[in-house]
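Novice: Can you read through this structure? Questions will come right after.
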Amino acid sequence: MQQQCFSKLSLSPVRYIVLDNGLRALLISDYSGPAASEDEDSDGEDEGTFRLKHGLTCVFLQSAAALCVGVGSFSDPNDLPGLAHFLEHMVFMGSEKYPSENGFDAFLKKHGGSDNASTDCERTVFQFDVQRKSFKEALDRWAQFFICPLMIRDAIDREVEAVDSEYQLAKPSDSHRKEMLFGSLAKTGHPMGKFCWGNAQTLKQEPKKKKINVYKRLRAFWKKHYSAHYMTLAVQSKEKLDTLEEWVREIFSKVPNNDLPQPDFSDMLDPFDTPSFNKLYRVVPVRKVHALNITWALPPQEKYYRDIFFSALSATFSYFTTRCMCSCRCWALALFGGNSETGFDQNSTYSIFSISITLTDEGFQNFYQVTHLVFQYLKMLQTLGPQQRIYEEIQKIEANEFHYQEQIDPIEYVEDMCENMQLFPKEDFLTGDQLMFEFNPEVSSVVISAALSLLTPEKANLMLLSPEHEGQCPLREKWFGTQYSVEGVCFCLCVCVCLQSVHSTDFTLKASDCTDTEFPVRIAESDRGCLWYKKDIKFKIPKVPQLLLFRFPHLTPPFFLYSVSSSVVLFDLLVNILGHNLAEPAYEAEVAQLEYKLVAGEHGLVIKVKGFNHKLALLFHLIIDHLADFSASPDVFSMFKLSKCVVDVRLLILEHSRWSMVEKYQALTAGLTSGELMEFSQKFRAELYAEGLVQGNVSSTVSLQKLQFSKLPAEVPVMFRVVELPLQQHICKVKSLNKGDANSEVTIYYQSGLKALREHTLMELLVMHMEEPCFDFLRTKETLGYHVYPTCRNTSGVLGFSVTVETQATKFNTELVELKIEEFLTSFGEKLNSLTEEAFDTQVTALVKLKECEDTHLGEEVDRNWAEVVTQQYVFDRLDREIQALKQMTRAELVSWFKEHRGENSRKLSVHVVGFGAEENDDEGAGGRKQECKEEDLRGSTYGEVSKLTFLLPSPKMAGALAIMDIPPFTKDLPLFPYHKILG
């Protein structure tokens, strides 16, 4: 047995142990003193809380555990691609000790918990969290998946469908498509070329043809690879370390150890040392985007984690491209350089260094010049060699960020730790993925120089993505169907750029200059704005999140400056170009871990800055100054286009004056000019209402400096008005906006109306009761899709709930899915009628404890307070009020509440976004439609996305519902709810 304490590096006491079966465990204790009670009955105090001096109540964090198995998709047998991923799903299908197929998920939902799992190239990770009181039992239930899983034979076909749905959901993702195409370039027989996802073809159809017994192979794979000696476990709870060790030894010592060697691929180096790698691949993307990816396959870099070559090079590249391409030549909108640290980007066989550049139209036409600039800059870095000054500056920034880091959500922290235990020696478990260590001229210089020397044009792979490639790419990747072509590359090369940075040096905690309060207080108010402030007295870190909202009348009727959608488009462009203008001057702040975000909100501009308070004010004033001096040349104006055409049909129907991306696209193509944008920006800055929240290690002052504006001519609403649905079911079916995308989505929405805080809390409780049976019925038993979930809906203050299923048109018709959702709701109503008082009380307690759960970091508290400010509700103690409401609710009230929404007087809206596939009467691969439909008069597209909404008529199966064939005619005569705030 080995033990080691890491207390100096961790926010909590930590212990490392090795069990007799070889399983390694990291124990993390949040214990800070005895609870008021260890049994539920003493002193009337809830378990999970304890009293501090001065009457303050401290609430515990969730308890969490994560386990990493040192095996992944690299170990898939060649005749069963995706088996490791499939096993990750199947181990949850009951155990000998707890045989219920969905028992663990049901247990977690009952006790306010959650779980997840993921399969990477060489690792598989499982994690869960739950309320502390139920942690030991949850650990025991969870551990059985690694001790004696049943992997119920009858569940195989159903769970294959879940894996296939996950694959189908990934198919329209350009990042996943690029990965699969890139992997296909590996040497024959190298595991990088494997199809790691798995689908119905590889796990069901092909095995059936080849007479492969998938169940036996699953059990054999588990027996061979799920062995204790290459498992790592991290647990975190509000228990003493001795207690955690006792639990872990008692429960996890039963995990079998087969003494077989761990899968090792470290001898399979240079997977991309092939003629096909150093080529230019022209790719047709799903999205309307131009992008250039320049990638090198380097020797594995994980063992050099102390030098973190990628961090230093990524920082210099970001600076370079910001200056040389974004600002000067209008060729690039964004650049990322580095390594994502996923198993695909970094494993025991190689490490990627990739530069991803989002190009403008001009940048796409000049992509070779962009590429030349990158190689020129690399040549300069190779000539200069490793720069100790730059290394140490980044090292200092990383060290400050680590030293003053906020606490991480336990489920995320244990996930990180169990993976780190696979990668680093025990003394570096906590820091190996976060800190850069001392610069060693004899070691660091050699490591960095060696990696730099490989970043040459001759070793680079280029992928150029553009919709302009449509019709020019005859090749097709096997699994995701990505269209591409291949051609040779030639380069000519010399420039010089220098990197400077700033970083914070003052980390003292500021003294309060006003009375400390539990919630934000308004410290300034006028007819032009107000400011809310709260000094951080809980987390005590030298950081400040600061948020500011500029409310603007000309985004809301009847104040539109231009046509309805043109005003919204101009506002979007203003915010995008403001961000572009800030890219270079704000770069140094970003390197120093100061962050900013600009959001074009529904009713104004949101500015968010956060980071170490020492220099944060400089960044904030920089943003305000650039807003005050906003400019957009015609060249810069022409760079920007609207983002991906996604559409939330439900909100388009419900929210009056909401404009879709399709309508914005119309306005943009109608010919807006940079002159109109400048006129709009002047109006925007002339009449504003500024409302801000400053919270953290800061005094109660904030300045807008030279931004001058007048008060608003009238009060601006902070929410949309919402349509009151008729007392009859309506259905709206639209075709997917991505051609060839098989994914469909069905949402059944029930509108409640204007309700108080108590009803909103009751709806949360109803949805919490619904979650596990919804998953069990619609996913586990009916296998309709990978994502199925109920949701409590707060639509601009109007309450409702919905059930959503994401499925595929190659498997299910959306109308069948709706009928299955209705079948579930009927069965749920019957289950609710038979709900016992004990089960009701258990669920109420679980929701109460979730709301009592302690914030893990300052950002969570700030986000909650900001939501109150931005909606002008200011109910900062909303959680406390909801808890009190929950404690007064009854079982009869919950049952009655559900019946109200399902009766004859229900207001029901069904929304179907219909994918392309045989179940929807589409010609396979052609996108041809046989359904009768009505199309909006919008310009189509010859590539992935389309710019029109196509409305479909429902079949006679939906005879009880009225069809919505166009949104404005349906909503124009419907009454609107008044603006509503949920105040009490």
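Novice: Assuming R0 = 22 Å, what is the FRET efficiency of Asp648 and Asp966, from their Cβ-Cβ distance, to the nearest 0.05? Can you show the working numbers first?
Specialist: On the way: r = 17 Å, r/R0 = 0.77.
Taking R0 as 22 Å, the efficiency between Asp648 and Asp966 is 0.85.
Novice: Can you figure out the FRET efficiency of Glu860 with Gln388, using R₀ = 45 Å and their beta-carbon distance, to the nearest 0.05?
Specialist: Details: r = 38 Å, r/R0 = 0.85.
The formula returns an efficiency of 0.70 here.
Novice: Using 12 Å as the cut-off for backbone N distance, which residues of the stretch 719-757 belong to the label zone defined by a point 7 Å from the Cα of Asn794 along Cα→Cβ?
Specialist: Answer for the stretch 719-757: 755-757.
Novice: Calculate, in nm to one decimal, what Val18 and Tyr368 gain on full extension: separation in residues at 0.36 nm each, minus their alpha carbon distance. Please list the in-between numbers first.
Specialist: Details: separation 350, 0.36 × 350 = 126.00 nm, distance 5.42 nm.
Between Val18 and Tyr368, full extension yields 120.6 nm more.
Novice: Heavy atoms only, 1.4 Å probe, whole protein assembly: order Asp345, Asp242 by accessible area, highest first.
Specialist: Numbers: Asp345 25, Asp242 100 Å².
These residues rank, largest area first, as Asp242, Asp345.
Novice: Could you tell me the accessible area of Ser896 in Å² (1.4 Å probe, neighbours in place), rounded to the nearest ten?
Specialist: Ignoring ligands and nucleic acids, Ser896 comes out at about 60 Å².
Novice: OK, next. Which pairs in the list Lys534/Lys849; Lys97/Lys216; Lys735/Lys957 are over 23 Å apart, alpha-carbon to alpha-carbon? The partial results should precede the final answer.
Specialist: On the way: Lys534/Lys849 25 Å; Lys97/Lys216 21 Å; Lys735/Lys957 18 Å.
Too far apart for the 23 Å limit: Lys534/Lys849.
Novice: Fully extended, how many nm does the chain gain between Lys851 and Asp629 (0.36 nm per residue separation, minus their Cα-Cα distance)?
Specialist: On the way: separation 222, 0.36 × 222 = 79.92 nm, distance 4.39 nm.
Going from the current span to full extension adds 75.5 nm.
Novice: Pull out the extension gain between Glu823 and Arg522, defined as 0.36 nm times the separation in residues minus the alpha carbon to alpha carbon distance; nm, one decimal.
Specialist: Result for the pair: 103.4 nm of gain on full extension.
Novice: Another question about this same structure. Using a Cα-Cα cut-off of under 19 Å, which aspartates and glutamates could be cross-linked to Lys396, ignoring same-chain neighbours fewer than 8 residues away?
Specialist: Qualifying aspartates and glutamates at Cα under 19 Å: Asp307, Glu406, Asp428, Asp433, Glu438, Asp506, Glu588, Glu590, Glu595.
Novice: Which part of the stretch 838-864 falls in the paramagnetic zone of Ala892, meaning amide N under 20 Å from the point 7 Å along Cα-to-beta-carbon?
Specialist: Hits in the stretch 838-864 for Ala892 at 20 Å: 838-844.
Novice: Which of Lys208/Lys739; Lys110/Lys171; Lys133/Lys540; Lys733/Lys908; Lys209/Lys811 have a Cα-Cα distance over 23 Å?
Specialist: Details: Lys208/Lys739 31 Å; Lys110/Lys171 34 Å; Lys133/Lys540 28 Å; Lys733/Lys908 14 Å; Lys209/Lys811 20 Å.
In this structure, Lys208/Lys739; Lys110/Lys171; Lys133/Lys540 lie more than 23 Å apart at Cα.
Novice: Take the alpha-carbon centre of the stretch 346-417, take the same for the stretch 228-281, and report the distance between them in whole Å.
Specialist: Taking the Cα centre of each part, the stretch 346-417 and the stretch 228-281 sit 26 Å apart.
The values are calculated or read from the model by the stated rules, or taken from the named source; none is laboratory data. Keep in mind that this is a model prediction, so the values were computed, not measured. Heads up, the Cβs are rebuilt from the backbone with ideal geometry, glycines too, and the neighbour counts pull from every protein chain shown. SASA here: full protein model, heavy atoms, side chains in, ligands and nucleic acids out. Shrake-Rupley method; radii C 1.70, N 1.55, O 1.52, S 1.80 Å.
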